[in-house]
Amino acid sequence: MRFSKDTFSPGQLTSNENRLTVDLKINIEKINDFLCNTEDLIVTKINRSSEKVTILYLDTMVKKDLLYSYVIDPLLNNDSTDLNSLSKMEINKSSRISIIGKRLVDGYCVILKENCTEGFMIEVPDSQGRSINEPNTEQNINGAHDGFIESMSTNIQLLRKRVRNTDFKVEYFTVGKMTNTKVAMVYIDSLANRILVGEIKKRISSIQIDQLQSTGNLEELIEDNPYSPFPQVLNTERPDRATSYLLDGKIALIVDGSPMVSIVPITFFSFYQAPDDYNHRWLIGSFFRIIRVFSFIIAISLPAIYIAIVTFHSEVLPIGILYSIRVSLEFVPFLPLIEAIAMQIILELLKEASIRLPSPIAQTIGIVGGLVIGTAVVEAHLVSNTMIVVIGFTAIASFVAPINEMGTSARLLGFPTMIAASIFGFFGIILSLMLIFMHLSKLQSFGIPYFSPIAPFKKEDLKDTFIRLPFWKLNTRPTDAKPKKLIQQGMSRVWKKNDH
Amino acid sequence: MITKKTSITKFQLFFFLIQSQVGIGLLSLPNVVQATAKGDGWISTILAGVIVQFMLIIYWLLFKHFPNDNYTKITIKIFGKYVGKFLNFIIYLYFILTGSLALILYINCINLWLLPLTPMWVLSLFIILSSIYLAHSELTIIARFFVIASFMLVLLILLSFLTYDLEKEFQNILPIGDSGMKNILMGSNKSIISMLGFEGMLLIYPFILNKEKGVLKSASFANLTVTALYTYFLFLCLISFSPNQLKQVREPVLYLFKALSYEMLDRIDLIFIASWIVPMTTSIIAFLFFASKSISKDKSYKKTVLLNAIIIYLISIYPFDESMITKFSTYVTYLSYFVVFILPILLLTLTLFIKTLKRSENA
């Protein structure tokens, strides 16, 4: 019944100091010392008919009901000196202070006996957590409405419920010298690529860090290209989304205490897929896909195009439209670039302000920011009308991305594009777009090309990127994660042929 | 020896060749060809395509004997160390000069059409920096980007459909063959210069995956596409402009778009030229890559790219005037005759000669 995942330095193990002795008092003292004499360590002495035992537990980490009904009651009612058959719960034994201390922190209680060098540990954890509800960041219309929560085991359960398969595999890691955070790596054993699994294992086990708080931390520690503006790990709160990636042969990383599940490796186009695409009819799904990918280009280049037109290439517009733009620019004292950057920053400020405020105040911010500032700024001739339209459109386009991170990246890339446009006009826009696409084709996520299936171009994978073909046409899995099995369905609509 | 990371598929080879061939040359091609071939310019480009095809076959035959070597290794194998190295230097010089010439023409064009006040060295700097960014990664990644960049090419071809509205005069190309064989051939000569880039196959051949069969097919398809594209634009210009106009305008393809006007959009030529920087940059990246591959070993490749980029940049910021550019382009043309046409044919004949010699010795 030994735990295999205990990672202690060998020095600690061999030291005699850290083992239980025959003296109960010294043992209790040692454990107390190991936990720095914390005051929530409760030491209860129980007089059984046969012997005296002592129970230790951390008051804040155990569930009292469980403790009484499964540990203390049997102890009192049962006379057997063999503690192994004491409880229905699983019992672990160890004589190492370090292990005992660690288990106490995990929500175990420890039973110590006189003249016994082993501690008996029973898990009675108090797992306080919120209930499962729909994630706020990734809401949808037709799909499932459950979301991941902060508890790792619940998250794994949510995934397992969707993939009831014996190939579903979980591997645990402990990351963080101080926090000892549990990290689970979940994948379908018969699908996920061996080399990929090995690579991710290698990266996670090589992490040397004091604290790991969230998937965001983990992402930065294991991603390929930390200086890229593009997210190379997809964080989702939706179990249905995570499941569909698992079934593509990808790997999910769950950090205990974080409701976000990381999916690796990931491609650019995954950030523009939404679970709703598969719940709507395929034509509708495809339509929204195209709109979303289009929104990426708009979010990056629309303000830049406006700047390029008004500063360099006003001849691109026919005289009628040019006239109305010029009129709105007439009294604006600033350069278009300054105008655009200022408005973008105001927009970011509004967004930042409203994120952290309670929703009634956030609404006020919306009204003050959107309506009051928006109109006043135009009436005061600080910013032109057209610019407001352009910036508004850009902001909406950037919020279209189903995964917020990507939208923000796109909006951020808008700034260098704007600067390039104000220096070089159209040339600058195309140049920066070209650089972005060069970067995308260079980027790799865990050795898998990030911009697949466009670079490298894979015809067979296009069926689920720009458009979503009908479900029964998606016969093969996407090849980007190099899954072991490519075929994912046979002739699903065979009944149609039989009808004739 | 060659790891999978630095290899390209035949599909990528197709786009690689297209992207290195199509560039600045196309924009002014109708004007250049008009000087000699006149209304028969389109025959010239087709003929040029045939000549390129002939050369591709020569390359292919050459690589049948040396499947794992590139151009520069073959020269050393055939001519020995000293002569081979000297020839390789000429090859290297050719790629550097062609790359520089493309860059010079490119920034001149941008300067003329888009940004008349921006100093050339700034434009050149930004182009060369973005070229370095891509060129110093592996061949696979360059090829991947070239495939994406080809979407742009398709878009630009679609854009050309808009010009069908303009007045067309088919009389301009009649009577067919009027200019005479000599003039048509001279036109072909001019078109081949703007089709240069296919010789890149000499350097990327060893990196092609599964090259046992189908390489010639991909390369031929690339050549066919480029020839068709050039002929198409040339033909479009021939029937849209009068012979006199064609002689006067420097970039007829752009003028084609300049005539278009819509309710929401005017001056499509500006959008076209701005988008055209993608195929132009890919050509420069290709030549930078070829130049670096031709002299460097695998390890020093990244440093060589940087060095070559600096050389190309320095050449490009030299204040050339019109006549100097013409002279420069003539020199590059002569150099190309040697590197692209004569040397490979020479190598092939020598290889065949040596083979038969050995065979007769053995017999």
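The values are calculated or read from the model by the stated rules, or taken from the named source; none is laboratory data. Nothing here was measured: the structure is a model prediction, and the numbers come from that model. Here Cβ is always computed from backbone atoms with ideal geometry, including for glycine, and neighbour counts include all displayed protein chains.
A few comments on the model shown:
- Qualifying residue in the stretch B:202-211 (condition: basic (Lys, Arg), farther than 30 Å from B:ALA35 by Cβ, in contact with a Pro (Cβ under 7 Å, 6 or more places away or on another chain) and more than 12 Å from every other protein chain (Cβ to nearest Cβ)): yes
- Scanning the stretch A:232-249 turns up no residue that is in contact with a His (Cβ under 9 Å, 6 or more places away or on another chain) and either on the phi > 0 side of the Ramachandran plot or not polar (S, T, N, Q) (or both).
- Residue in the stretch A:450-459 that is touching a strand residue (DSSP E or B) at 6+ places or on another chain (Cβ under 9 Å) and part of a helix (DSSP H, G or I) present: no
- Where a residue in the stretch A:52-66 is within 19 Å of A:ASN78 (Cβ to Cβ) and its partner, wherever it lies, is among the β-branched types (Val, Ile, Thr) and part of a loop (DSSP other than H, G, I, E, B), with Cβ under 7 Å and at least six apart: A:LEU66/A:VAL124
- For the stretch A:322-344, a residue qualifies if it is under 28 Å from A:ILE436 (Cβ atoms) and either within 12 Å of chain B (Cβ to nearest Cβ) or surrounded by 23 or more Cβ atoms within 10 Å (Cβ to Cβ) (or both), and the qualifying residues are A:PRO336, A:GLU339, A:ALA340, A:MET343.
- Checklist (1) outside any helix (DSSP H, G or I); (2) touching a Leu at 6+ places or on another chain (Cβ under 6 Å) applied to B:VAL253, failing item: (1)
- Residue in the stretch B:1-33 that is nearest to B:TYR205 (Cα to Cα), counting only those that are touching a Pro at 6+ places or on another chain (Cβ under 7 Å), away from chain A (no Cβ under 14 Å) and part of a helix (DSSP H, G or I): B:PRO30
- Some residue of the stretch A:388-406 being within 14 Å of chain B (Cβ to nearest Cβ) and either within 23 Å of A:ARG326 (Cα to Cα) or out of contact with any Cys (no Cβ under 8 Å at 6 or more places or on another chain) (or both): no
- Subset of the stretch A:455-494 (residues that are within 14 Å of chain B (Cβ to nearest Cβ) and either of a type in the set (S, T, N, Q) or touching a residue at least 60 places away in the same chain (Cβ under 8 Å) (or both)): A:THR465, A:PHE466, A:THR479, A:ASP480, A:LYS482
- Those residues of the stretch B:155-175 which are in a helix (DSSP H, G or I), out of contact with any helix residue (DSSP H, G or I) (no Cβ under 6 Å at 6 or more places or on another chain) and more than 13 Å from chain A (Cβ to nearest Cβ), in sequence order: B:ILE157, B:LEU158, B:LEU159, B:SER160, B:PHE161, B:LEU162, B:TYR164, B:ASP165, B:GLN171
- Condition check for A:PHE148: at pLDDT 85 or above and closer than 30 Å to A:GLU405 by Cα: yes
- Scanning the stretch B:116-151 for residues that are surrounded by 20 or more Cβ atoms within 10 Å (Cβ to Cβ), within 10 Å of another protein chain (Cβ to nearest Cβ), over 25 Å from B:ILE317 (Cα atoms) and not polar (S, T, N, Q) yields B:ILE141, B:ILE142, B:ALA143, B:ARG144, B:PHE145, B:PHE146, B:VAL147, B:ILE148, B:ALA149.
- Residues satisfying the stated conditions in the stretch B:292-335, i.e. among the β-branched types (Val, Ile, Thr) and out of contact with any Gly (no Cβ under 6 Å at 6 or more places or on another chain): B:ILE295, B:THR304, B:VAL305, B:ILE310, B:ILE311, B:ILE315, B:ILE317, B:ILE325, B:THR326, B:THR330, B:VAL332, B:THR333
- Any hit, the stretch A:252-274, residues being part of a helix (DSSP H, G or I), surrounded by fewer than 16 Cβ atoms within 10 Å (Cβ to Cβ) and in contact (Cβ under 8 Å) with a residue 24 or more places away in the chain: no
- Every residue from the stretch A:121-141 that is surrounded by fewer than 17 Cβ atoms within 10 Å (Cβ to Cβ) and under 28 Å from A:ARG356 (Cα atoms): A:SER127, A:GLN128, A:GLY129, A:ARG130, A:SER131, A:ASN133, A:GLU134, A:ASN136, A:THR137, A:GLN139, A:ILE141
- Any hit, the stretch B:234-244, residues being in contact with a Phe, Trp or Tyr (Cβ under 8 Å, 6 or more places away or on another chain), surrounded by fewer than 20 Cβ atoms within 10 Å (Cβ to Cβ) and either at pLDDT below 85 or in a helix (DSSP H, G or I) (or both): yes
- Taking the conditions (1) surrounded by 21 or more Cβ atoms within 10 Å (Cβ to Cβ); (2) in contact with a Gly (Cβ under 8 Å, 6 or more places away or on another chain) in turn, B:LYS77 satisfies each one other than (1).
- Residue, surrounded by the most Cβ atoms within 10 Å (Cβ to Cβ), within the stretch A:408-431, restricted to residues that are of a type outside the set (A, V, I, L, M, F, W, C) and more than 11 Å from chain B (Cβ to nearest Cβ): A:GLY414
- Test set (1) assigned to a loop (DSSP other than H, G, I, E, B); (2) modelled with pLDDT of 85 or more - A:THR479 fails condition number: (2)
- Test result for A:MET434, crowded, with 20+ Cβ neighbours inside 10 Å, part of a helix (DSSP H, G or I), more than 23 Å from the chain's Cα centre (by Cα) and more than 13 Å from chain B (Cβ to nearest Cβ): no
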